[in-house]
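Written below as structure tokens is the structure these notes are about.
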Amino acid sequence: MLTTRMFTPAFKFFAGLCVFAVVAGIAVGITSGEGALVDRVLGPLSLGWKGGVGNHFAYAFFVGLAVASGFLAGILIAFRDADPAAQAQVVHTETVPVVPAPVGVNYLPALTALTTVFFLIGLATGTRWMTIAAVAVSVCIAFVWTLRTWAEHATGDAGANIGLYHRFIDPLRVPVISIVTVAIIAIGLSRVLLTVSKTASVWIFGLVALVFFLVCVLLALKPQVSRVLTTVLVILAAIAIIAAGIAAALAGERTIEHHSSEGAMAAVTSAPPIGAGA
């Protein structure tokens with residue numbers, strides 16, 4: 001089975017993943033279940049119909065993985081890993097239309113990996129806002145990646161595919177990126193300014209504003225600067241701000257004196273009325 005050409009490579013992978021998920025789900029149900037051994041075995045085998053399944057979250061995860069992997073394995077073996085001859089046979093044509101290869105640079109995989117790192121950091125440090133932000137960004141990335149994949153194979157013309165993608169994504173990308181950028185700068189710098197002293201916070205805020213202004217002026221005066229360089233600068237700045245915000249959040253806020261107005265009110269009420277000493 002491992003060497004025959006009857007089963008495609010992708011089918012072998014997802015079929016093996018399905019078998020692994022089934023075995024892992026049964027093992028989790030048996031080891032984490034309670035009661036007699038027969039009930040702990042029959043429960044996972046019958047999907048909880050004849051007994052318990054132990055840890056519900058782990059068991060549901062592995063069952064879902066098994067179902068998804070089995071479905072993908074069936075699709076891939078049916079279409080022979082997108083083999084042109086098999087596709088032509090299904091659609092009843094002599095040949096399959098040629099689909100152009102994707103063009104351009106795709107930063108979504110790197111952004112997904114970076115978002116995953118920040119999600120794990122948020123869970124490890126207990127920073128709720130970082131965890132929520134990472135989940136929100138992951139949802140946006142999944143939507144954009146799905147839309148890009150669809151647009152890249154919409155027609156046989158690469159230029160038309162790019163135009164179709166930008167027609168859908170530009171009205172959404174500009175406001176979302178603007179909101180995320182403002183949120184990263186505001187939250188990251190606020191953590192830093194609440195940690196350092198009052199004098200240092202003034203210098204840090206002024207320095208960040210100066211650097212941001214100079215970079216904007218440079219990009220405006222040099223429009224021929226490559227798009228890749230601009231993207232790299234933006235990503236490095238975002239990483240620096242997020243890293244500084246994480247370090248400041250772990251260090252904790254500085255002691256801020258809160259001035260109460262009770263003393264001033266008491267002084268006003270105890271003062272003699274005007275003209276009383278005359």
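The values are calculated or read from the model by the stated rules, or taken from the named source; none is laboratory data. Keep in mind that this is a model prediction, so the values were computed, not measured. Virtual Cβ from ideal backbone geometry, glycine too; neighbours counted across all protein chains shown.
Which of the residues belonging to the range 159-189 are in contact (Cβ under 8 Å) with a residue 40 or more places away in the chain and under 21 Å from THR115 (Cβ atoms)?
Passing the criteria: VAL180, THR181, ALA183, ILE184, ILE185, ILE187, GLY188, LEU189.
Among the residues of the range 191-209, what is the count of those that are free of Cβ contacts under 8 Å to residues at least 40 places away in the same chain and over 15 Å from ALA237 (Cα atoms)?
Qualifying residue count, the range 191-209: 8.
Taking into account only those residues within the range 20-74 that are β-branched (Val, Ile, Thr) and loosely packed, with under 13 Cβ neighbours inside 10 Å, which is farthest from the chain's Cα centre (by Cα)? So that I can check it myself, show each step before the final result.
Step one: list which residues in the range 20-74 are β-branched (Val, Ile, Thr), which gives 22-23, 26, 28, 30-31, 38, 41, 53, 63, 67.
If we keep only those that are loosely packed, with under 13 Cβ neighbours inside 10 Å too, we end up with 23, 31, 38.
Numbers: VAL23: 30, THR31: 33, VAL38: 42 Å.
My answer is VAL38.
Can you confirm whether the range 64-77 contains a residue that is touching a helix residue (DSSP H, G or I) at 6+ places or on another chain (Cβ under 6 Å) and hydroxyl-bearing (Ser, Thr, Tyr)?
yes
Having 2 or more residues that are surrounded by 11 or more Cβ atoms within 10 Å (Cβ to Cβ) and at pLDDT 75 or above is the bar; report the helices (runs of 4 or more DSSP H) wholly within the range 185-278 that clear it. Spell out how you get there, then give the answer.
Details: elements: 198-221, 227-251, 262-270.
Output list reads 198-221, 227-251.
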